[in-house]
Structure formats: structure tokens, C-alpha cells
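The values are calculated or read from the model by the stated rules, or taken from the named source; none is laboratory data. The structure presented is a predicted model; accordingly, all values stated were derived computationally and were not measured. Cβ sites come from the backbone with ideal geometry, for glycine too, and all protein chains shown count toward neighbours. Side chains are part of the model used for accessible areas, which takes the heavy atoms of the whole protein and leaves out ligands, DNA and RNA. Shrake-Rupley method; radii C 1.70, N 1.55, O 1.52, S 1.80 Å.
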Amino acid sequence: MVATSTTPGEGWSSRSAFILAAIGAAVGLGNLWRFPTLAGENGGGAFVIFYIGCVFLLGLPLLLAEVFIGRAGQTDAVGSIRNVAKASNVSSRWSIFGGLGALAAFLIVSFYSVVAGWVLYYVGVFAADFGQAVLAGDPFRGALQGQSQEQIAGRMGDLFADPVLLLAMHFAFMGATLFIVARGISGGIEKAATWLMPAFFVLLIGITIYGAIVGDVSEAAAFLFTPDWSKLTPEVMNSALGQALFSLSLGVAGIITYGSYIREGTKLGSTAAAIALADTGVALLAGLMIFPIVFAVGLDPAAGPTLVFQTLPFAFEAMPAGSLIGLLFFVLVLVAAITSSISLLEVPTAWGVGEMGWSRKMSAGIFGGGAFLIGVLCLLGYNVLSDVRPLGFWSIFENTDILDTVDGFTGKIMLPLGALLTSLFIGWRADRRLLETTTGLSGGMFTIWRFLLAWLCPLAVTAILITGLFPAVLG
């Protein structure tokens, strides 16, 4: 079936609308949860500086490549790649990596909704706590008064043990995502981005200022930006490289899909740079928001994945206005999660519209419903299906539950493979004149961009793919 426009007559109303939506797609739990976690686990400064280098040497070229494919192809990810391949007189079978990206996005949104459900739960916890503080006449008290660190940390385990509560949170979050995507570009996705992203930045900057005032910002800044190069091991470099791709939402065809709604005349190079700068800035601000609070109360910055859900809630207990700030913090994370999940669900939805000829509501309903069901299996993996190991025969997944298996399979295999094929396609096969005309790049900038895509990106992404499949390579 010949691909048609995914949304006839629709597109972003302006360049700024696309930038806001694309930043929303890139900024998510990867910035506010995963980046601080990895920075803490990998010793801070050396990891952070290497990560920034990876963003601009590898992430930005790939980001521009995906924006180009969408703008030149003007349809869903598979159809856009096919259209660029035809215009470049190369095999249309390159479109397979668009299908791979759409499948990866579908699988990721299924477990992403479950994790976002945890955030929604903590929004409820802190909203109730702040309500109690207001009723008690002390709205600026610390959070979760009277609870021990063990009780606060135990909330996470209690949540995991309650399949009904997990299901309710997952249902609510996926329902909100599906509702927005089903409304289309102008009536749903753009409207959500133009309302939510400004609110996101206001909250992010406000809480960062709060952390600088009441927390230990000097120690946090030293931790994040003073490199100890002895800690820059191959494992740390690999983590930074993987985070750079993950953070920019590359390899899942989301930027390709969003790029297909760009109107003619948009400067792609500067637009991609603005997205990469904003995404990296958010990650760094997240570190400057979280670590001053962590250091101020003497907690461990290397707490790992529990940092946001167990360590920070305890820190808010000891901070002035911790009840209010805790609520605002989890609202901030929830906003980031919803803008990212919208972009993830949009990828398979656009495929259904462009390739299968389905209506938008039908396509969103099919893929949203399917992702919800896979998410149900993921959340049951924490309780009634806790003994299930879907890929237990594979050594790298032998001890992972259902959610971590889906997460690991997409993150270690599908995303790097999609990014690798993108870099090879644009770096070696796409028509030079089409690239120059569409991106607006020329001369030295074009040469550097295509060199990075043709040589550096494939080598780096191949390293991620190999070390993900064979971790023993890193010792």
C-alpha cells in the first residue's frame, strides 16, 4: 500500500510549536530520572562532560537526520524513509528501520506508562500530604511528617505489591495519552505541548532555584562538573553514549514522525540544535535540582534507580516547604512523562493512518489498547507474575522480570539498531542534493554533519549494540 499523508491538511502551526513538541518528546523520564541516576552511579563530572560531548557529536547529527527524513518524506516513519529512498534511487527496503522504530515505540510506551503510573501515584501521595499540611495551618512544613525513612522508602514496595493500584495508575496515564493522540496534531499533540512545556520549564526552574537556596548547590555543582577522569572507564563511556541517544528519543522514529508535520521553509539545522540544547539543558538542570537537596540532607547520590522514588521523598521530609515542593516535583516529572508518551504512541498511530489507511481514532485506539495490555503484563511482573522471565534462556535477560525485559530488549537492541541504520542510510545512501536542499546545510557544515553520520555515529552505536548484547566485552 502506498503511504499517504498521515494527517491530510495538518501540521505544526509554527516552528516554535514543533520545537516545543519535539522537546516534549525528548524530555521525559530519561532526563529527570535516568540522567541523575546514571550521573550519581558513575561518579558525576567525568560522566556528565563525556555525555555532553556525545550529545553534540553523535546525538545532534542523528537528530537532524531524523528530522530530515520526516520533513522530506511527509508521512509516517516507514513511508517517509521509503519516499526518501525513492528520491535517492536506492532500495525502498531501507524503510524496514522505520518499522523497527515504530515497533520499538509501541513496546516502550507500554512499560513507560507503567513507570509513569508510579509518578502519578506519588503525585497523589504528595497532594494528600500537602492538603493535610494546609488543613493543619502549616502549608510550608516538611513532607510526610512523622514517617520514618523506612516507611517512606517502603511505599515503593507496597505499590509494587498492589496490582490493582498499579493497574489503576497505568490505566489513567495511558488513557490520558490515548485521548491526546486521538485528537490529532493541532487539536491534541500541539495543544498539549504548548500548554504543558511552558509549565514544565517554570516548574523546573522554580524547583532548581529552591534547591540552590535550601540545598548544597556548591557540592552538587562540584559533583556534576568537576571531572575525575580516572572514573571515565569504558563502562561509564558506554553509559554516557547510550544516555545521549536515549535522552534525545532517537531510534524510535518519534522525531521522524514529528518531522513529517513540519511546514515548508523551516530551518532544520538550527531547529535540531535548539532541541538538542534544550534537552541537554533540562538534564543538567535536573541534576542541579536534585543533587543539592540530596547532599543537603546527607543522602547518597549513587542511590541508583531509587533516587527519585525513595531517596528524594525522604529528603523532602527534612526540607522547608518540602510538602509543597515534593508535590510540584512529581507534577513536573508527570508532565515530562506525558509529553514523551504522546510522541511514543504517535509513531505507531501515524503508521496505522499512513500505511493501513485507518482513521486516527481507530489507529490510536488499537495501538493504545495493545500497549495497555502489554503494560498490564509488565506491572503484574512485580507481583503475581514475579517469577516469569520471558527471555530467561538468554543470559543477559535471565534474571529480569517482564518490564525490565521489554525495557532491556528495546534499549539494548532495537534503539541502537534503529540509530545505526539511520546513520548508514543518511550518511551513505541518501541523495546529497536532497539533503542539502531540505536541511539548508552546505559547505563545511554539511561535510562535517555527513562525516559524523557516515563514520563516527555507526562506530559508536555499534559499540553500544555489541556491549549491550555481550556485556563481558567491558569486563
Q: Please provide three numbers in whole Å: the alpha-carbon extents of segment 129-248 along the principal axes, with the largest listed first.
A: 48, 44, 33
Q | Degrees between helix 96-135 axis and first principal axis of the chain (Cα, 0 to 90, nearest 10) | A | 20
Q: Measure nothing but the geometry: give the 0 to 90° angle between the long axis through the Cα atoms of 360-380 and the longest principal axis through the Cα atoms of the chain, rounded to 10°.
A: 40
Q | Portion, in percent, of the accessible area of segment 1-123 that falls on carbon or sulfur, probe 1.4 Å | A | 64
Q: Compute the long axis of helix 60-73 from its Cα atoms, compare it with the longest principal axis of the Cα atoms of the chain, and write down the angle in degrees, 0 to 90, nearest 10.
A: 50
Q.
Whole angstrom only: what separates the Cα centroid of segment 119-188 from the Cα centroid of segment 295-352?
A. 11
Q: Would you mind calculating the gained length between residue 300 and residue 383 on full extension (0.36 nm times residue separation, minus the Cα-Cα distance), in nm to one decimal?
A: 27.1 nm
Q. Can you pull out the chymotrypsin sites (Phe, Trp or Tyr not before Pro) in segment 391-437 that DSSP calls coil and that have at most 15 other Cβ atoms within 10 Å?
A. 393, 394
Q | Radius of gyration and maximum dimension Dmax of segment 17-176, Cα, Å | A | 21.7, 71
**Q.** Residue-averaged 222 nm ellipticity for the chain, from DSSP H runs of 4+ at -39500 (n - 2.57), nearest 500
**A.** -22000 deg cm²/dmol
Q) What order do you get for 335-342, 161-168 when each peptide is scored by the mean count of other beta carbon atoms within 10 Å, highest first? A) 335-342, 161-168
Q: State the percentage of accessible surface on segment 231-390 attributable to carbon and sulfur atoms; use a 1.4 Å probe and exclude ligands, DNA and RNA.
A: 68
Q. Normalised by the number of residues in segment 1-141, what is the relative contact order in percent for Cα pairs under 8 Å and 6+ residues apart?
A. 16
Q) What FRET efficiency would be calculated for the residue pair residue 194, residue 230, taking the C-beta separation as r and a Förster radius of 56 Å, to the nearest 0.05? A) 0.75
Q) Using a 1.4 angstrom probe with every protein chain in place, what is the largest-first accessible-area order of 367, 47? A) 367, 47
Q. How big is segment 215-284 on each of its three principal axes, counting only the C-alpha atoms and giving the largest first in Å?
A. 47, 29, 19
Q. Which peptide among 248-260, 280-292 comes first, and what is the full order, when sorted by highest mean count of other Cβ atoms within 10 Å?
A. 248-260, 280-292
(Q) Can you tell me the length gained on complete extension of the stretch residue 361 to residue 151, counting 0.36 nm per residue apart and subtracting the Cα distance? (A) 71.3 nm
Q: Report, please, the projected area of the chain averaged over directions, based on the convex hull of its C-alpha atoms, in nm².
A: 21.7
(Q) Rounded to the nearest 20 debye, what is the charge dipole size of the chain about its Cα centre when +1 sits on each Lys and Arg Cβ and -1 on each Asp and Glu Cβ? (A) 1700
Q) What is the P(r) of segment 397-475, as percent of Cα-Cα pairs per 5 Å bin from 0? A) 3, 15, 19, 18, 14, 11, 9, 7, 4, 2, 0
Q) In Å², what does the accessible area per residue of the chain work out to with a 1.4 Å probe? A) 37
